[in-house]
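Inspection log for the structure reproduced underneath, given as structure tokens.
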Amino acid sequence: MIPKYRTQFNEEFSQEKYQKVNELIKEKTGYEAGFRISESPIFLSNEFWQKLDDASQSIISQIKKMSDEELSKAIPTNCNVPNDTKKPHFVAIDFGICQDENGNVIPQLIELQAFPSLFGFQKLFEEVITEVYPFLNELKNSLPNDEYIQKLKQVIVGNENPENVILLEIYPEKQKTAIDFVLTEQYLGIKTVCLTKIKKQGKKLFYESDGKLVSIHRIYNRVIFDELDKIEGLETEFDFREDIDVEWITHPNWFFKISKYILPKLKHEFVPKSYFLPDFPETEQLENFVLKPLFSFAGSGVNLNPTQEIINKIEDKEKYILQRKVTYAPLFEDINGEFSKAEIRLLFAWNSEEENPELLVNLVRMTKAAMVNVDFNKKDAIWIGSSMAFFEK
């Protein structure tokens, strides 16, 4: 897609340059990424961008029209957190890059979530990849670093002192995304704090810094709330469901409200048909659909080839959807003449004072496997892993 840039990148590529990208990332952060970084970005046409933009703006518009009552039905009773907000602070929309029956390249919605992603890392990755491959600067149309960081700061820190804002995660140093936490600290001046280290006094929360307690006014939340019950031996001083004096960025309830739960409610030519499992009509063929749990992360629990026997064994059917299968197109040629598939995640930040969220950056995941998850790839494959898209101007 944009053969000119694909040819140029492949001609300029070398393992030494790939190593340089990884070295620069470690040099600038002190960390290595806990996930595989693809050797290559992808290059997408302006025509494809228009399709992406049309689909994502339609989806956002439809979400805004959904009532709070309708969206709140998505929140499991045992996961409802007090002091909800009128809108989320982040929206991530994932599209598979596919082809229609006429060979036209089209996006197909895979899933979406009101949860932050690699806002810190993706900006650094763009900086590093363009440093190693300078010709990419002619395609770069993102915000300058200072402006980008300022917009993130407006959403996450707001008018608070950064000292009173934390990035919250469970055992952050063990997470694959730890490098993103480090960059968020650098960009915003906030601390990353483990859930187990939070102190609670009445309705107020604190963390310890240099031997003294610092009050927490805002939480940039990176904890997947419904995962907490699965962690053995977890001891904390406060429960998410408690009424506490803190502002959530973004509120945990939105993780459920904007999720696979709303896929059956969305309509657009680039949104594959989805059904809640109990509503799956007899007129549809099961082999044309993928079975997905409503609330899961990184592809866990997804069944690409569900059978009636598998479905019959599911007790909580209301917690699953069936989504029409999407075939990713092998469009991205590597240096060996083999092709990778990809999906693109559009990362929006939503300033509470603005009518609509703003697209800040994108994240691409490349694969040669059936699922777009690096864990499913062969160890010696190339052109796989985390990357980003550059669009023609």
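Taking Lys and Arg as +1 and Asp and Glu as -1, the other residues whose beta-carbon sits under 15 Å from that of Gly30 total -4. Pairwise Cα separations in region 274-325 fall into 5 Å bins from 0 onward with the following percentages, short to long: 5, 22, 37, 27, 8, 1, 0. Listed by chain and number, the aspartates and glutamates whose C-alpha is less than 15 Å from the C-alpha of Lys28, apart from same-chain residues fewer than 8 away, are Glu126, Glu127, Glu131, Asp180, Glu185.
For the chain, set up a Gaussian network in which alpha carbons nearer than 10 Å are linked by springs, and say which option among Glu309, Glu32, Glu333 fluctuates the most. Evaluated over the chain, the most mobile residue of the options is Glu309. The tail of the calculated P(r) for region 1-50 beyond 13 Å holds 66 percent of all Cα-Cα pairs.
Of all trypsin sites (Lys or Arg not before Pro) in region 239-272, which ones are in loop regions per DSSP and have a Cβ with at most 12 other Cβ atoms within 10 Å? Filter output for region 239-272: Lys267.
Cα convex hull of region 206-344: how many Å³ per residue?
Details: hull volume 31.0 nm³, N = 139.
Convex hull of Cα atoms, per residue: 223 Å³.
Sorting the Cα pairs of region 1-122 by distance into bins of 5 Å, from 0 upward, gives 2, 7, 12, 14, 15, 14, 13, 10, 6, 4, 1, 0 percent per bin. Available extension along the chain between Gln62 and Lys176 is 37.8 nm, counting 0.36 nm per residue and deducting the alpha carbon span. Taking 18 Å as the straight-line reach from the Cα of Lys64, the lysines in range (excluding those fewer than 8 positions away in the same chain) are Lys73, Lys86, Lys87, Lys257, Lys260, Lys265, Lys267.
Counting other Cβ atoms within 10 Å, keep those with at most 12, restrict to DSSP loop, and tell me which GluC sites (Glu not before Pro) in region 55-139 are left. Let's see the in-between values first.
Numbers: sites: Glu69, Glu70, Glu101, Glu111, Glu126, Glu127, Glu131, Glu138; in loops: Glu101.
Qualifying residues, ordered by number: Glu101.
The share of alpha-carbon pairs in region 57-99 lying farther apart than 17 Å comes to 48%.
Measuring nothing but how far apart in sequence close Cα pairs (under 8 Å, 6+ apart) lie, relative to its length, the chain scores a relative contact order of 25 percent.
Measuring nothing but how far apart in sequence close Cα pairs (under 8 Å, 6+ apart) lie, relative to its length, region 274-325 scores a relative contact order of 56 percent. Counted over the chain, the DSSP beta bridges are approximately 75% antiparallel.
Pairwise alpha-carbon distances in region 130-284 exceed 21 Å for 60% of all pairs.
Add +1 for every Lys or Arg and -1 for every Asp or Glu among the other residues with Cβ under 9 Å from the Cβ of Glu343, and state the total. Local charge sum for Glu343: +2.
The shape of the chain can be summarised by an equivalent ellipsoid whose semi-axes, obtained from the alpha carbon gyration tensor, come to 32, 29, 19 Å from longest to shortest.
Values in this text are rule-based calculations from the coordinates and carry no lab data. Source: prediction; values computed, not measured. Every residue, glycine as well, gets a Cβ built from its backbone with ideal geometry; the counts of neighbours run over all protein chains shown.
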